[in-house]
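Chemist: What follows is a single structure, and I will ask about it in a moment.
The values are calculated or read from the model by the stated rules, or taken from the named source; none is laboratory data. As the structure is a computational prediction, the values presented were derived from the model and not from experiment. Positions of Cβ are backbone-derived with ideal geometry, glycine not excepted, and every protein chain shown enters the neighbour counts. To get the accessible areas, we keep the full protein, side chains included, count just its heavy atoms, and leave off ligands, DNA and RNA. Shrake-Rupley method; radii C 1.70, N 1.55, O 1.52, S 1.80 Å.
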Amino acid sequence: MMASPDDLKFQEFEEATDLLSADPGASTLSMLGSSSTATASATGDIKLDMSDNDEGQEESSELLAGEKRTSAFWTFEYYQSFFNVDTVQVLDRVKGSMMPIPGRNFIRHTLRSSPDLYGPFWICVTLVFSVAISGNLSTFLSSMGDSQYHYRPQFHRVMIAAVVIFLYAWLVPLGVWGFLTWRQREERQQSGYSFLETVCVYGYSLFIYIPTSVLWIIPFEWFQWIVIVVAMVISGSVLVLTFWPVVRDDTKVTAFGTVATILVLHALLAVGCKMYFFQTATHTVIPAPVPTIFTNHTALILTTKSH
């Protein structure tokens, strides 16, 4: 059954009419269009301020549209975003740096284009103290049987370890990132990794050396070298699997040379820490001097007999 045009018109409800007739002073609210004002018929106008909601909607629209302005790089808020990670993310990235899987890119699959500086910073700090303390303990254990050895804490090793590790964690990624950026412009290749992504992968790749430095306390030279080779293979594999997709489209000489340079610099850090902080003490037996009193006495006896 079709509805008539009169049925489709807005009609006043009889209950509302009865209520208004019974209480003429009652207030009514009227919403006109998108306006947020409320009017009262008897006692005056009641206005609802919706400015806060409007501002919230504007901020939400800016966030959704990606139009939110970022802070300047010299402000604290700019660097605060790189430390905004939780424990689960850091542990997942540490696990990814210790278990390299062929075909799995650390930046694309683990970082997911969201680098952080929290993990690399604390990994470097922990590695500094781990190398310095373990080096002192290794020296003490290897020289424990020497009666002439007197243990002295070598606090300067902490400063040396800090300089070496932090310079490596920042200067080497800077050089790698600059070289890759230059090659991409020369060869007109696709964009590679950002500087922060490069720093992040280098920082997490150093985590394997923390347990390695603890195992270096065991005073067996052959065991220390086996541990360092295993650590270099694991950590170097993470770097190769990460940077090879960026350089493989370049010339063969440049691609293999870049990867070889990355591995050599990474190996130099490990071998240098092993040779400087974990020196195995060698016990040298100094022969006692032969007393010359008997020789002089014999010579004196021969001289007296000749006279």
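Chemist: Among the numbered criteria (1) within 15 Å of the chain's Cα centre (by Cα); (2) surrounded by fewer than 14 Cβ atoms within 10 Å (Cβ to Cβ); (3) without any contact (Cβ under 8 Å) to a residue 12 or more places away in the chain, which one does residue 114 miss?
Modeler: (2)
Chemist: Output the number of residues of segment 257-277 satisfying the condition of being under 14 Å from residue 231 (Cβ atoms) and surrounded by fewer than 18 Cβ atoms within 10 Å (Cβ to Cβ).
Modeler: Number of matching residues: 5.
Chemist: If you don't mind, there's one more thing I want to ask. State yes or no: is residue 102 farther than 20 Å from residue 83 by Cα and touching a residue at least 24 places away in the same chain (Cβ under 8 Å)?
Modeler: When the stated conditions are applied, residue 102 passes them.
Chemist: I'd like to check something: does segment 247-256 contain any residue that is open to solvent by 10 Å² or more (accessible area, probe 1.4 Å), under 22 Å from the mean Cα position of the chain (by Cα) and either modelled with pLDDT under 90 or not polar (S, T, N, Q) (or both)?
Modeler: Taking every residue of segment 247-256 in turn, none turns out to be open to solvent by 10 Å² or more (accessible area, probe 1.4 Å), under 22 Å from the mean Cα position of the chain (by Cα) and either modelled with pLDDT under 90 or not polar (S, T, N, Q) (or both).
Chemist: Additional query: Of the residues 172, 230, which is in a helix (DSSP H, G or I), within 21 Å of the chain's Cα centre (by Cα) and either surrounded by fewer than 19 Cβ atoms within 10 Å (Cβ to Cβ) or not charged (D, E, K, R) (or both)?
Modeler: 172
Chemist: Could you pull out the residue among 97, 138, 142 that is modelled with pLDDT of 65 or more, surrounded by 15 or more Cβ atoms within 10 Å (Cβ to Cβ) and more than 33 Å from the chain's Cα centre (by Cα)?
Modeler: 142
Chemist: Also, quick follow-up: Does any residue in segment 210-226 that is more than 14 Å from residue 279 (Cα to Cα) come within less than 6 Å, Cβ to Cβ, of a residue that is open to solvent by 30 Å² or more (accessible area, probe 1.4 Å) six or more places away or on a different chain, and which pairs are these?
Modeler: 210/126
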